[in-house]
Amino acid sequence: MRLKYVLRRLMRAPMFTTITVATLAIGIGANTAIFSVLEGILLKPLPYPQPDTLIAVDHSAPGVNLKNAGSAPFLYFTYRDESRTLLDVGIWRPDAYTITGVAAPEHVDGIDVTDGVLPMLGVQPVLGRVFTHQDDSPGSPDTVMLSFGYWQSRFGGDRSTIGRRIMVDGKAREIIGVLPANFRLLDRKPALLTPLQFDRNKTHLGNFSYQSIARLRPGVTLAQASADAARIIPIALRKFPPFPGYTFKMFEEVRLGPVLRPLKQEVVGDIGTVLWVLMGTIGIVLLIACASVANLLLVRTEGRQQELAIRAALGAGRGRIARELFMESIALGVFGGALGLALAYGALRLLVAIAPANLPRLDEISIDGFVLLFTLAISLVAGVLFGVIPAVKYAGPRLAASVQAGGRALGQSRERHRVRSTLVVVQVALALVLLISSGLMIRTFQTLRRVEPGFTRPAEIQTLRVFIPGSQAREAVQAIRMQQDMMEKIAAVPGVRSVAAASIVPMDGQGWTDPLYADDHVYAESQVPPLRRFKFMSPGLLKTMGNTLIAGRDLTWTDTYEKRPVALVSENLARELWRDPQAALGKRVRESLKAEWREIIGVVGDERDDGVNQKAPSIVLWPLLMDNFEGDKAFVQRSVAFMIRSSRTGSTGFVKDVSQAVWAVSPNIPLSGVRTLEEVYKKSMARTSFALVMLAIAGGMALLLGVVGIYGVISYSVAQRTREIGIRMALGAREQEVTRMFVAHGLRLAAAGVSCGLVAAFALMRLMSSLLFEVSPADPLTYASVSLGLTIAAVLASYLPALRATAIDPMEALRAD
């Protein structure tokens, strides 16, 4: 009955109930949405059996300044032979394949794995079998597994697919199994899986182009596994020979060490910092909402004070009155939570549809039982939080005395004004903290946008990747001629201004690093030079990208086809080794001690290849075709990305025309990675953009609630001081003086809130340091502009009800109770 009575009272005040529930729904819904993301990404275990025993096995190489070098076949074999702490270990690498003979040629993403990877993850195929040791042995028949989605889309879910053969990169492979629909390797969704088939007898030291996972033995800790790996690495270095041109001493000098971490940490990466910061900021929004609702409840309870006083005089105890007030606030909290849950559901659907590039485990973000429990908990806590002040004030021992006090005395209570003003100061202070965090992210984003990436007008550059398999061009020169023919056909497409090819797209997260030797530098026998980024290019790349030739000349097709031993280097590399770009011209470099020396013919502007928030790496640019490079007698870069500068970039018709130009050379070459460079550029700032948008939304909500709070206090003050205003105006007070009085009140509240908020912001903004780029957490411009903006908003919020005060008729005001 008591709950029914509470609900009836709320229904009798529809405006109050609607505003309160909507305010709470915003705060609770935002918290639920962010918590759902945080739980799905950070808190949920990985979808594998005993996920806590799965680890990523990485390696550091401090001798060449590498924190994360990856893994290599020689380490894989040694861990399997020697480890006392690992049940099993496997390595894998992302790959891409050209599929022909099924329908139209296509380029699909895939993963190469060793035979232990899938059993280690507990993967049970929906059809067929997983790879065995036989599949993974060199010389065995070539096999492949399909993802569930690829099986459905390409083969219509036909169960007779098992045993069929498809052409993968020109090689026939037998389909042996179909992976389950929810299969992910870390956060990758491959179309195909193929076995790596390492030949142990041909394995050398080096080749760190793989990633590794392992499962710990029961009872083994990560620290014990790390110690065991540190014991095994020297054994591995002595088990296998170095690649030609390298020595055992060189591998000792890099000081290879294990870097073991939980597999979930490998999947999540550094997004955890962003999510915890967002969780904290959205929590502040809920606190502001609670303060706003507490103010509304104070107004409502003050209107009922006479009723409560009479009930107390008739024998209602303090506990009973407090319980009823708490039940009302908790009911509002639960209603707000229910509406907030609906808002969170819609927000999550939108988030999944947008699929931000920096969010891993996106498919696992949902509103599950844990999220529902969280929503219920914060709804109840919020109800108690904003209900405690009215309950304490109006269920106290002085309540009965209010029967004799009269309504006028009640309306003039300074204590009530003080409580309401304190709540508004809290709202403004918290709003300032959120607005400063938003301001710092805006400043970071502006700074990132001003960084010169090493290319110009990325929105005009269309990128797409092609791979020329050996089945299409057996000879290396033939493959390069096909690439040149494709570029010439693309150049003839209307609207194309220039076209070139490169091994990687800038800021795409790809890259090849190796040591680089300079002819005029002396290296000890065991010394490993610093690693440099290797990139392969066609003539015309600098012009197409809008990069600058600092010194020397560009590469030519004659250099490429005659296999001249030439190279270009980035400006930062030239300055590091020779102090001046001009001095680098004519110098010679090579990638190993036994490789051919290659003359530097040009120095190009630095390129932010790892993202605008990272320093530009030192880069060496090689021709697409060379002799005796990286141990290959005839080296050719068969996989290239075409960079096409055009005014038609991004349009469907343009992509179709470019595709036809490529297929005019070979109709069996599929296209992949079709996107503009602007898309890649924006993806490199995805984490900053995501944090910026979320903090801006939180800051906007906080500003709105803070301004509404000031408006409410001033409006309430005007209503309660109607008689005083009438007396002042009857005695000759001017309208400007009355307006100034209320605006000054609002300004005092804003000043107090801003002062408290600045102190809190100075203490808290250090937590955002990892999200900022060349912006101090105590950036004075941000603090000053946000403080000024919030103060102006507070003055405007005070001015509107102050104007209403000047419209009061003195005679009517004097008759007011």
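The values are calculated or read from the model by the stated rules, or taken from the named source; none is laboratory data. The structure presented is a predicted model; accordingly, all values stated were derived computationally and were not measured. Cβ atoms come from the backbone with ideal geometry, glycine included; neighbour counts cover every protein chain shown. Ligands, DNA and RNA are stripped out before the accessible areas are found, and what is left, the full protein with its side chains, is counted by its heavy atoms. Shrake-Rupley method; radii C 1.70, N 1.55, O 1.52, S 1.80 Å.
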* Asked: Which of the residues belonging to the stretch 192-232 are open to solvent by less than 20 Å² (accessible area, probe 1.4 Å), over 31 Å from the mean Cα position of the chain (by Cα) and within 17 Å of ALA56 (Cβ to Cβ)?
  -> ASP228, ALA229, ILE232
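For every residue, the table says whether it meets (1) touching a His at 6+ places or on another chain (Cβ under 8 Å); (2) open to solvent by 40 Å² or more (accessible area, probe 1.4 Å); (3) part of a helix (DSSP H, G or I).
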{"position": "PHE16", "(1), (2), (3)": "no, no, yes"}
{"position": "ILE19", "(1), (2), (3)": "no, yes, yes"}
{"position": "ALA22", "(1), (2), (3)": "no, yes, yes"}
{"position": "ALA33", "(1), (2), (3)": "no, no, yes"}
{"position": "VAL37", "(1), (2), (3)": "no, no, yes"}
{"position": "ILE41", "(1), (2), (3)": "no, no, yes"}
{"position": "LEU46", "(1), (2), (3)": "no, no, no"}
{"position": "HIS59", "(1), (2), (3)": "no, no, no"}
* Structure fact -> Checked pairs for the stretch 482-495, first over 20 Å from THR560 (Cα atoms), second open to solvent by 50 Å² or more (accessible area, probe 1.4 Å), C-beta under 7 Å and 6 or more apart or across chains, list as VAL493/ASP657; GLY495/SER647; GLY495/ARG648
* Mind checking which residues of the stretch 496-542 are of a type in the set (Val, Ile, Thr) and assigned to a strand (DSSP E or B)? -> VAL496, VAL499, THR513
* Name the residues in the stretch 557-601 that are open to solvent by less than 50 Å² (accessible area, probe 1.4 Å) and among the β-branched types (Val, Ile, Thr), would you? -> THR560, VAL566, VAL569, VAL589, ILE600, ILE601
* In the stretch 113-171, what residues are of a type in the set (S, T, N, Q), without any contact (Cβ under 8 Å) to a residue 12 or more places away in the chain and closer than 26 Å to PRO47 by Cα? -> GLN152, SER153
* **Elements of type helices (runs of 4 or more DSSP H) contained in the stretch 233-349, each with 1 or more residues being open to solvent by 60 Å² or more (accessible area, probe 1.4 Å) and either within 28 Å of LEU380 (Cα to Cα) or at pLDDT below 85 (or both)** => 248-253, 271-303, 305-313
* Hey, does the stretch 743-750 have a residue that's at pLDDT 70 or above, within 48 Å of the chain's Cα centre (by Cα) and either exposed (fewer than 15 other Cβ atoms within 10 Å of the Cβ) or of a type in the set (D, E, K, R) (or both)? -> yes
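Looking at SER672, SER639, which one is open to solvent by 10 Å² or more (accessible area, probe 1.4 Å), more than 20 Å from GLU475 (Cα to Cα) and not aliphatic (A, V, I, L, M)?
Selected residue: SER672, the only one of SER672, SER639 that is open to solvent by 10 Å² or more (accessible area, probe 1.4 Å), more than 20 Å from GLU475 (Cα to Cα) and not aliphatic (A, V, I, L, M).
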* Asked: Applying the selection to the stretch 151-184, what residues are in contact with a Leu (Cβ under 7 Å, 6 or more places away or on another chain) and open to solvent by 20 Å² or more (accessible area, probe 1.4 Å)?
  -> ARG159, ILE162
* To do: Pull up the stretch 751-766, narrow it to residues that are of a type outside the set (Lys, Arg) and either open to solvent by 70 Å² or more (accessible area, probe 1.4 Å) or in a loop (DSSP other than H, G, I, E, B) (or both), then point me to the one that is modelled with the lowest pLDDT.
  => LEU764
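Within the stretch 465-514, which residues are of a type in the set (Asp, Glu), more than 37 Å from the chain's Cα centre (by Cα) and surrounded by 15 or more Cβ atoms within 10 Å (Cβ to Cβ)?
Correct list: ASP485 only.
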* Might you check whether a residue that is of a type in the set (A, V, I, L, M, F, W, C), buried (at least 17 other Cβ atoms within 10 Å of the Cβ) and within 19 Å of PRO458 (Cβ to Cβ) occurs anywhere in the stretch 528-541? => yes
* To do: Can you give me the number of residues within the stretch 619-636 that are in contact with an Asp or Glu (Cβ under 8 Å, 6 or more places away or on another chain), surrounded by fewer than 21 Cβ atoms within 10 Å (Cβ to Cβ) and not hydrophobic (A, V, I, L, M, F, W, C)?
  => 4
* **Scope the stretch 109-156; condition within 23 Å of SER672 (Cβ to Cβ) and among the charged types (D, E, K, R); matching residues** => ASP109, ASP112, ASP142, ARG154
* Has the stretch 160-168 got any residue that is part of a loop (DSSP other than H, G, I, E, B) and either closer than 14 Å to PRO195 by Cβ or touching an Asp or Glu at 6+ places or on another chain (Cβ under 8 Å) (or both)? -> yes
* Structure fact -> Only one of SER647, SER651, SER618 is within 28 Å of the chain's Cα centre (by Cα) and within 19 Å of PHE455 (Cβ to Cβ), namely SER618
* To do: Filter the stretch 515-527 for residues that are of a type in the set (Phe, Trp, Tyr) and either under 30 Å from the mean Cα position of the chain (by Cα) or open to solvent by 10 Å² or more (accessible area, probe 1.4 Å) (or both) and give the result.
  => TYR523
* Structure fact -> Of the residues in the stretch 767-784, those that are in a loop (DSSP other than H, G, I, E, B) and either open to solvent by less than 30 Å² (accessible area, probe 1.4 Å) or free of Cβ contacts under 8 Å to residues at least 12 places away in the same chain (or both) number 5
* Taking ALA227 as the residue in question, decide whether it is hydrophobic (A, V, I, L, M, F, W, C) and in a helix (DSSP H, G or I). => yes
